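Bear in mind these aren't lab numbers, they're just calculated from the coordinates by the rules spelled out. The structure presented is a predicted model; accordingly, all values stated were derived computationally and were not measured. Virtual Cβ from ideal backbone geometry, glycine too; neighbours counted across all protein chains shown.
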Amino acid sequence: MKSTDHPAQGATPAPLADYLCFAVYSTNLAFGKAYKPILDELGLTYPQYIAIIALWEQDNQTVSGLGEKLFLESNTLTPMLKKLEAMGYVQRRRDPEDERQVRVSLTASGRKLREKSLKAADLTDATGLGHDEFMKLQKAIVNLRANLIRSLDTE
């Protein structure tokens, strides 16, 4: 059976399960459910968690740079960062070299979350994939995302 995201003109629509977009969407929902106990323990939402991970990777980023990395618009990212700041995990400040830019960095509490999350957040076993298969799938999904973004840039 062929996976599709756009049935041929006049053809009988394919079952929902055959759509790649639905497979990705429903897998994202399953990841959300798998992460829920971990996130509940940390007191974070999934978008807050990935923002914290991005800051563990590279602290003191501009809000715009962080938004690009997370594929989030500023109208979504800014309220989330304000909430993380109120929780004591990040601080936001104007960049002294360019007042138009806001920089976000982790606080000591934000850095401590890493130790707590690393103990709980390994869902590799839950995927049922071996290491090589896991890495191959992750790279394929990143490639798919890049291709989709690139296709939007050419429109």
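The set of residues in segment 124-144 that are among the polar types (S, T, N, Q), under 16 Å from the mean Cα position of the chain (by Cα) and surrounded by 11 or more Cβ atoms within 10 Å (Cβ to Cβ) contains only 138.
Residue 34 - would you say it is over 14 Å from the mean Cα position of the chain (by Cα), in a helix (DSSP H, G or I), of a type outside the set (Lys, Arg) and over 20 Å from residue 145 (Cα atoms)?
Numbers: over 14 Å from the mean Cα position of the chain (by Cα): yes; in a helix (DSSP H, G or I): yes; of a type outside the set (Lys, Arg): yes; over 20 Å from residue 145 (Cα atoms): yes.
So residue 34 fits the description; yes.
Of the residues making up segment 71-100, those that are surrounded by 11 or more Cβ atoms within 10 Å (Cβ to Cβ), closer than 14 Å to residue 44 by Cβ and hydrophobic (A, V, I, L, M, F, W, C) are 80, 81, 84, 87, 90. The lone criterion from (1) of a type in the set (D, E, K, R); (2) crowded, with 17+ Cβ neighbours inside 10 Å; (3) in contact with a Phe, Trp or Tyr (Cβ under 8 Å, 6 or more places away or on another chain) left unmet by residue 103 is number (3).
Going through (1) in contact with a Gly (Cβ under 9 Å, 6 or more places away or on another chain); (2) exposed (fewer than 11 other Cβ atoms within 10 Å of the Cβ); (3) of a type in the set (Val, Ile, Thr) one by one, residue 154 falls short only on (1).
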